[in-house]
Each structure stands twice: as structure tokens, then as C-alpha cells.
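The structure under discussion appears below in the form of C-alpha cells.
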Amino acid sequence: MQIFDSGFWIFYIQGKPKFDSHKIGKWTYFFEDEDYDRVSELCRKAVEEGVVLEAKHNNINNNKGMYDKSVSCFYLECADIEGHKKVIRFFLDNDMIAKTKTGKLYNISFKLDRQTLAGEYGENYNGPIKLEQFLNLQTGEWLE
């Protein structure tokens, strides 16, 4: 595994991933800066264990105060259903999916890189793949 610091991002990469630029995207996990070491280890672990070939998180040492929260990204292609399941299982196992006040899982989305490049954020963003397509958000059980 390679670890690369671009200044703004810390990348964790296994091999030389060849993603289709129209299909590549990420599941994201937002975190507080005090969880930086934990998230660094989660990105490393996801790549080492073959959950994804590439993960990254922002380098809080170089972008303090730029965002309300820090972010980590776990990359795969949108059509990789088994890959989505591996990432979701990893998120569940590592308590990376927030819950509502009623205990229901938040319906997080997979985001295509082209959506990010187009500036689709907040209300302008509609993820093509959502957690509810894989899990019952109320019970956390896998859908058939």
C-alpha cells in the first residue's frame, strides 16, 4: 500500500486502481478533527483489508478552519454492487453511519466524482445510490 500526502489530502492506495472516470465515486464519512487519528487508521485499514483500492481524508494540518467538518472518502465504481456492500459493512462495523434521534440510520449517499466536480453540494446534490437501497434504515438489516 502507498500512502501519499498531497498537502490537502492524505491518500491510501493499493496497486494502481484504474477507475472509469464516468463511474468513479465515493462513500464519505465526515468527522471532527479530534477523530483524525482514528479516521487515518480507518482509511489505512479499508485499503489494507481490500474493502477499497483507494481511500483518502483531508489533512487537517494543512486546512484547519476551511470546513465545518473533516471528510474521508472511500472510492469505487458505481456499478460495483459487491463493492458497495463491502464499504457499507465496513462503515457499520466501524460506527461510521450516524443515526437519527429515533435510532434510524441516516440515508447516506454514494457520490460520483463528476457530481463533485460539477459543484453539486447540499440542496443541489442528489446521490444516485443511497444506503436505503442496501439496508433497512430502521433495523439495519440487509435487503434482499
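The values are calculated or read from the model by the stated rules, or taken from the named source; none is laboratory data. Everything quoted here is computed from the prediction, not taken from an experiment. Please note: Cβ atoms are built from the backbone with ideal geometry, for glycine as well, and neighbour counts cover all protein chains shown. These accessible areas exclude ligands, DNA and RNA; they are computed on the full protein's heavy atoms, side chains included. Shrake-Rupley method; radii C 1.70, N 1.55, O 1.52, S 1.80 Å.
At-a-glance table
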item: Solvent-accessible area per residue, Å², over the chain with all protein chains present [probe radius 1.4 Å]; result: 59
item: Carbon plus sulfur fraction of accessible area for the chain, probe 1.4 Å, in percent; result: 49
item: Full-extension gain in nm, ARG114 to LYS130, via 0.36 nm per residue minus C-alpha separation; result: 4.1 nm
item: The chain, relative contact order [Cα under 8 Å, separation at least 6], %; result: 24
item: The chain - share of DSSP beta bridges that are antiparallel (%, nearest 5); result: 100
item: Label zone at ASP20, where the point sits 7 Å out along the Cα-to-Cβ direction: region 75-96 residues whose backbone N lies under 13 Å; result: 77-81
item: Computed [θ] at 222 nm, helices only, for the chain once each DSSP H run of length n ≥ 4 contributes -39500 (n - 2.57); result: -6500 deg cm²/dmol
item: For Rg/Rh (Cα atoms, Kirkwood Rh), calculated from these coordinates, the label among [x] 0.94; [y] 0.99; [z] 1.04; result: [x]
item: Stokes-Einstein D (µm²/s) once Rh is taken as the Kirkwood radius of region 12-61 over alpha-carbon pairs, at 4 °C in 1.567 mPa s; result: 109
item: For region 25-34, Karplus couplings with θ = phi - 60° (6.51, -1.76, 1.60), whole Hz, Gly/Pro x; result: x, 8, 8, 10, 10, 8, 8, 7, 4, 5
